[in-house]
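Shown next, in structure tokens, is the structure this report addresses.
We did not get these values from a lab; they are worked out from the coordinates using the rules stated. These numbers were taken from a predicted model, which means no experiment stands behind them. Neighbour counts run over all protein chains shown; Cβ positions are idealised from the backbone, glycine included.
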Amino acid sequence: MNKNNLIELAYPIGKCEWNQNPTNNEISKGILKIGELPKKLKLAISGVSKKTLLNRYRPGGWSIAQVIHHLADSHMHSYLRFKHAVLEDTPSIKDYKEANWAMLPDSINTDLSYSLDLITALHKRWTLFLNSLSNDELSKSYYHLERKKYYPLNTTILIYAWHGEHHLAHIENAKKKGY
């Protein structure tokens, strides 16, 4: 498999584009995508066998099960980062090693019920919270120490809207042709 094929498998919808000044309409669409993710995930894996849940979306990539458990982990982190950013003055956030988390026993399990329940509840709370924020609150940021970068909440909404769609595409690819 050549390098271009691997990049296409890793980023089936393309890389996330940083939008420093999203419009209110773009933010609303991002929040809507975050809110719709649990339903889309459940639909994506409806009727999928346990064997298929072990398919990987690319060589060396995560299985469908790991992707779903990763979404729960990642979006929990993001939700808390948003709350810290609203309640604190540009907090520095703690990173986590996604690849290590994806190898823990709860992340390799093909029972997805607990992560899907968590994602459903989390996204309900997250979208309620996001929809309650003022433009001033949406312009607040957190600082990512490891990346040495500020993340404004209005931009980060779009990142996580993309993140869900990105992993949905991984799931669809793994269902069709697992590695």
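Just a few scattered comments:
- Using only side-chain charges placed at the Cβ, +1 for Lys and Arg and -1 for Asp and Glu, the dipole size of the chain relative to its Cα centre rounds to 600 debye.
- In this structure, the pairs whose alpha-carbon distance is over 25 Å, taken from LYS29/LYS177; LYS42/LYS175; LYS3/LYS176; LYS3/LYS50; LYS15/LYS149, are LYS29/LYS177; LYS3/LYS50.
- The calculated 222 nm mean residue ellipticity attributable to helices in the chain amounts to -19500 deg cm²/dmol, summing -39500 (n - 2.57) over DSSP H runs of n ≥ 4 and dividing by all residues.
- Computed over the alpha-carbon pairs of region 32-176, the distance histogram in 5 Å steps reads 2, 10, 19, 21, 19, 14, 9, 5, 2, 0 percent, short to long.
- Cα centroid of region 142-177 to Cα centroid of region 40-56, whole Å: 21 Å
- Normalising the average separation of contacting C-alpha pairs (under 8 angstrom, six or more residues apart) by the number of residues puts the relative contact order of region 32-176 at 38 percent.
- Normalising the Debye intensity of region 84-152 to I(0), with uniform scatterers on Cα atoms only, and taking log10 at q = 0.14, 0.18, 0.22 Å⁻¹ returns -0.65, -0.93, -1.03.
- Listed by chain and number, the lysines whose alpha-carbon sits under 17 Å from that of LYS148, ignoring those within fewer than 8 places in the same chain, are LYS94, LYS97, LYS140.
- Candidate cross-link partners of LYS39 among the aspartates and glutamates, defined by an alpha-carbon separation under 15 Å and a same-chain spacing of 8 or more, comprise ASP117, GLU165, GLU172.
- Per-residue 3J(HN,Hα) values for region 104-111, derived from phi via the Karplus relation 6.51 cos²θ - 1.76 cosθ + 1.60 with θ = phi - 60°, read 6, x, 6, 9, 9, 5, 7, 7 Hz in sequence order (x marks Gly and Pro).
- Legend: ranking of residues SER134, SER28, SER115 from fewest to most surrounding C-beta atoms inside 10 Å; resulting order SER134, SER28, SER115.
- Couplings 3J(HN,Hα) for region 138-151, derived from phi with the Karplus relation 6.51 cos²θ - 1.76 cosθ + 1.60 (θ = phi - 60°), are 5, 8, 5, 9, 10, 10, 9, 4, 5, 8, 6, 8, 8, 10 Hz, where x marks Gly and Pro.
- 3J(HN,Hα) couplings calculated from phi for region 160-173 with the Karplus curve 6.51 cos²θ - 1.76 cosθ + 1.60 (θ = phi - 60°) are, in sequence order, 6, 5, 4, 4, x, 5, 4, 6, 4, 5, 4, 4, 4, 5 Hz; Gly and Pro show x.
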